[in-house]
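Got a structure for you, questions after.
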Amino acid sequence: METAEASINILRELPVGARLHVRSKTDWRSAVVCRFTDERATLSVCSPTGRTYRLHRAAESEIVFDGAIPILRVESAEDWRENFTRYDLRW
C-alpha cells in the first residue's frame, strides 16, 4: 500500500489548506496553501511577529517530505530543524 506522502511530488498535488515549511531569506517558516491558479500557487506564510504574508510559487515546485512534514524544496542542504523560526509565544 502506498502512503499519501509517497504520491505527492509537486506543490499542485497538495490540497488547499495544507501546511508545509518554506525557506525565507533568513530562516524556515510555516506556510499554508491558500490558492492555485493555472501556473502558480499562493502560500500564506506566518512571520515571527504574528503577521502573515503571501508568497507565490510555481505550481510545479517540488515537494519533499521529512517524515510526514511537507517541505518546499530548496537547493540548500540546510536542515530545517536547525534554523526554524521562533514564533511569538503569545500567539
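The values are calculated or read from the model by the stated rules, or taken from the named source; none is laboratory data. This structure is a prediction, so every number in the text was calculated from the model and none was measured. Neighbour counts are summed over all protein chains in view; Cβ atoms, including those assigned to glycine, are modelled from backbone coordinates with ideal geometry. Side chains included, ligands, DNA and RNA excluded: accessible areas come from the protein's heavy atoms. Shrake-Rupley method; radii C 1.70, N 1.55, O 1.52, S 1.80 Å.
Mind listing whichever residues of segment 63-91 are open to solvent by less than 40 Å² (accessible area, probe 1.4 Å), at pLDDT 90 or above and of a type in the set (A, V, I, L, M, F, W, C)?
Ile63
On to the next question. Hey, does segment 54-68 have a residue that's part of a strand (DSSP E or B), of a type in the set (Gly, Ala, Ser) and closer than 24 Å to Ser7 by Cα?
Within segment 54-68 (the criterion being part of a strand (DSSP E or B), of a type in the set (Gly, Ala, Ser) and closer than 24 Å to Ser7 by Cα), the answer is yes, since at least one residue qualifies.
Another question, then. Hey, can you tell me all the residues within segment 25-53 that are part of a loop (DSSP other than H, G, I, E, B), over 21 Å from Glu75 (Cα atoms) and of a type outside the set (Asp, Glu)?
Thr37, Ser47, Pro48, Thr49, Gly50, Arg51
Also: As an exercise: evaluate Glu60 against (1) of a type outside the set (Gly, Ala, Ser); (2) in contact with a helix residue (DSSP H, G or I) (Cβ under 7 Å, 6 or more places away or on another chain); (3) open to solvent by 60 Å² or more (accessible area, probe 1.4 Å); (4) closer than 17 Å to Gly17 by Cα and give the number of the one condition it does not meet.
Status for Glu60: all satisfied but (4).
Can I ask one more? Against the definition (out of contact with any helix residue (DSSP H, G or I) (no Cβ under 9 Å at 6 or more places or on another chain) and not in a strand (DSSP E or B)), how does Arg86 come out, yes or no?
Here the answer is yes, as Arg86 does meet what is asked.
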